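Read through the structure below, which is laid out as structure tokens, and then see the notes.
The values are calculated or read from the model by the stated rules, or taken from the named source; none is laboratory data. Note that this is a predicted model, so its numbers are computed, not measured. FYI the Cβ positions are ideal-geometry reconstructions off the backbone, even for glycines, and counts take in every protein chain you see.
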Amino acid sequence: MYHIFYNNKIFYTFKILKQFKHSYPNIRIYGELMRFENRKKDYRLGVMLVGLGAVSTTFIAGTFISRKKSKPYFGSLTQEQTIRIGKREENKFIKIKDFVDLADPKQLIFAAWDPIADDAYAAAKKAGVLNDKDLNSVRKELKEIRPMKAVFDRNYVRNLDGPNKKRYKSKMDAAKMLIEDILNFKEKKKCNNVVMINCASTESYIESSDKHAFLDRFEKALAKNSEEISPAMIYAYSAIKAGIPYANGAPSLAADIPSLVSLSKQMMVPIAGKDFKTGQTFMKTVIAPALKARMLGLRGWFSTNILGNRDGEVLADPSSFRTKEKSKLSVLNSILQPQLYPHLYGDYHHQVHINYYKPRGDDKEGWDNIDIFGWLGYPMQIKVNFLCKDSILAAPIVLDLVLFLDFAKRHGLYGVQDWLSFYFKSPMTDGKPVEHDFFIQHMKLKNTLRKIKKEKPITHLE
Ligand SMILES: NC(=O)c1ccc[n+]([C@@H]2O[C@H](COP(=O)([O-])OP(=O)(O)OC[C@H]3O[C@@H](n4cnc5c(N)ncnc54)[C@H](O)[C@@H]3O)[C@@H](O)[C@H]2O)c1
């Protein structure tokens, strides 16, 4: 409780003082002190991962390897991308990590929960994403990361189980145990800030209901062990209650319920989600805006995948698949706007399938058959065959989210961070219409950074 109160007090003081900044320019503002805290060599950013599977271990191992061998962080916008400042002819491009005060990947300290007790090295070996040479180069560091006991319930993830679970009477007790884990980790590892990212298995589909609508109802439901409260929600609640930023990389219903959104505002905690946008949906949100920009019509989009990792095994259960399917299906309508273009997009057939096929491991293969039409309604087809590595695409997204959420918190941003929609299949927007178009999401992210730095947003008019 001391930590929560401490954090609140700092931000509260910051808000009040900011109003007096112009009248008292010499006044020292706590918020600004916090902002630049990460520039200190000894800044420590804790990363608490729900789930220590393929995505989490690829992210952790990749970060260790990159910082040990000074390898580039391929796939990471925060580490590799530049941002243009000023007019086009000024030709001024700055690396994003130099433009905004992000923590450095070297400053990250990791922890995780998982019902399977394997340490990060054993879990990474099982996930089979990185080769032995890479894993052995950071074996010692990975072995030190042992998962804490998880809040896990097979009613929500049927195709998986493990012994490393917390025992609790009520779901509220489970939340209190998680909050204790967070505060202990923060204190023990002397972290200046901590971020939680949900990288756990996809849970069964849950419809948002009145138990999720208001905080008092949600907390009552926690205390009464309501089945409408899933482990993913308990983790999200605990993070927000403990005052740490939270992002949901899985499609499970978690922070995207009104009660937790309002708690995030009350606690001044930035939250984001959900479901990392990595393979097929990434491609979909790139191709669909182009079809629409050229006013080419769509008759159908058939998407299928094979994958053989543990995620695929969990998704072989129809109740977990439904959660994923909802997330994957949602993108086209919002991009194509059939209500505005009924003759082009009013009647297309969209299907998404995921098949568990063990030999493929984490090397997912996706096929898209896109039936389009153009001039005079003449039909054409586009075929996409994406041979990707799921976790290789997801790991840099985890890194970016960790750094941006920590940044957001230090800059006093809280509630739903829809500028981070760029990273998600089903972006949270706090009531605003969802934007799925990859290029708009990208521009919004960069313009948000420009705005925070008091630079002009870029509209490409000049
Ligand atoms: N890899 C990608 O490209 C990608 C893209 C979008 C979303 N996702 C989502 O990210 C999540 C992780 O994917 P993955 O490939 O690492 O899966 P994975 O199966 O390898 O790892 C998930 C881990 O979560 C653990 N887990 C399950 N329930 C838990 C709980 N209640 N508490 C703590 N741990 C729990 C499992 O034991 C497992 O070790 C999945 O929900 C997946 O759908 C992944």
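Values as computed for the structure displayed
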item	result
Search result, residues across the stretch 130-153 that are over 19 Å from MET177 (Cα atoms) and of a type in the set (Lys, Arg)	LYS133, ARG139, LYS140, LYS143
Given (1) within 16 Å of the ligand (Cβ to nearest atom); (2) under 17 Å from GLY62 (Cα atoms); (3) of a type in the set (A, V, I, L, M, F, W, C), index of the condition VAL138 fails	(1)
Among residues of the stretch 39-68, those that are more than 16 Å from the ligand (Cβ to nearest atom) and either at pLDDT 95 or above or not in a helix (DSSP H, G or I) (or both), counted	10
Residue list for the stretch 281-304, restricted to those being within 11 Å of the ligand (Cβ to nearest atom) and buried (at least 22 other Cβ atoms within 10 Å of the Cβ)	THR281
Test: ALA223 is modelled with pLDDT of 95 or more, more than 20 Å from GLY46 (Cα to Cα) and within 16 Å of the ligand (Cβ to nearest atom)	no
The listed residue being in contact (Cβ under 8 Å) with a residue 40 or more places away in the chain and either over 24 Å from ASP362 (Cα atoms) or not assigned by TED's automatic domain parsing to the domain that holds SER226 (or both), out of LYS186, LYS149, LYS166	LYS186
Check on LEU387, modelled with pLDDT of 90 or more, within 19 Å of VAL55 (Cα to Cα) and of a type outside the set (S, T, N, Q)	yes
Count of residues meeting criterion [within 16 Å of the ligand (Cβ to nearest atom) and either outside the structural domain of LYS143 (by TED's automatic domain parsing) or surrounded by 19 or more Cβ atoms within 10 Å (Cβ to Cβ) (or both)] in the stretch 100-118	8
Among the residues listed as LYS133, LYS97, LYS140, LYS126, the single one being under 30 Å from THR459 (Cβ atoms) and in a helix (DSSP H, G or I)	LYS97
Lone unmet requirement of (1) near the ligand (Cβ under 10 Å from one of its atoms); (2) at pLDDT below 95 for ARG158	(1)
Number of positions in the stretch 251-301 that are charged (D, E, K, R) and farther than 25 Å from LYS364 by Cα	5
SER319 being over 25 Å from ARG154 (Cα atoms) and among the small types (Gly, Ala, Ser)	no
The one condition in (1) buried (at least 21 other Cβ atoms within 10 Å of the Cβ); (2) out of contact with any Pro (no Cβ under 6 Å at 6 or more places or on another chain) that ALA150 fails to fulfil	(2)
So LEU399, is it under 25 Å from TRP419 (Cβ atoms), of a type in the set (A, V, I, L, M) and out of contact with any Pro (no Cβ under 9 Å at 6 or more places or on another chain)	no
Residue satisfying condition, being surrounded by fewer than 22 Cβ atoms within 10 Å (Cβ to Cβ) and of a type in the set (Ser, Thr, Tyr), within set SER201, SER226, SER238	SER226
Single match in VAL352, VAL398 (criterion: part of a helix (DSSP H, G or I) and surrounded by 20 or more Cβ atoms within 10 Å (Cβ to Cβ))	VAL398
Residue tally, condition over 19 Å from ALA395 (Cβ atoms) and either touching a helix residue (DSSP H, G or I) at 6+ places or on another chain (Cβ under 6 Å) or in the same structural domain as THR285 (by TED's automatic domain parsing) (or both), over the stretch 418-429	5
Identity of the residue in the stretch 268-278, assigned to a loop (DSSP other than H, G, I, E, B) and either crowded, with 23+ Cβ neighbours inside 10 Å or in the same structural domain as ASP368 (by TED's automatic domain parsing) (or both), that ends up farthest from the ligand (Cβ to nearest atom)	VAL269
Matching entry among LYS125, LYS97 (being of a type outside the set (A, V, I, L, M, F, W, C) and within 14 Å of the ligand (Cβ to nearest atom))	LYS125
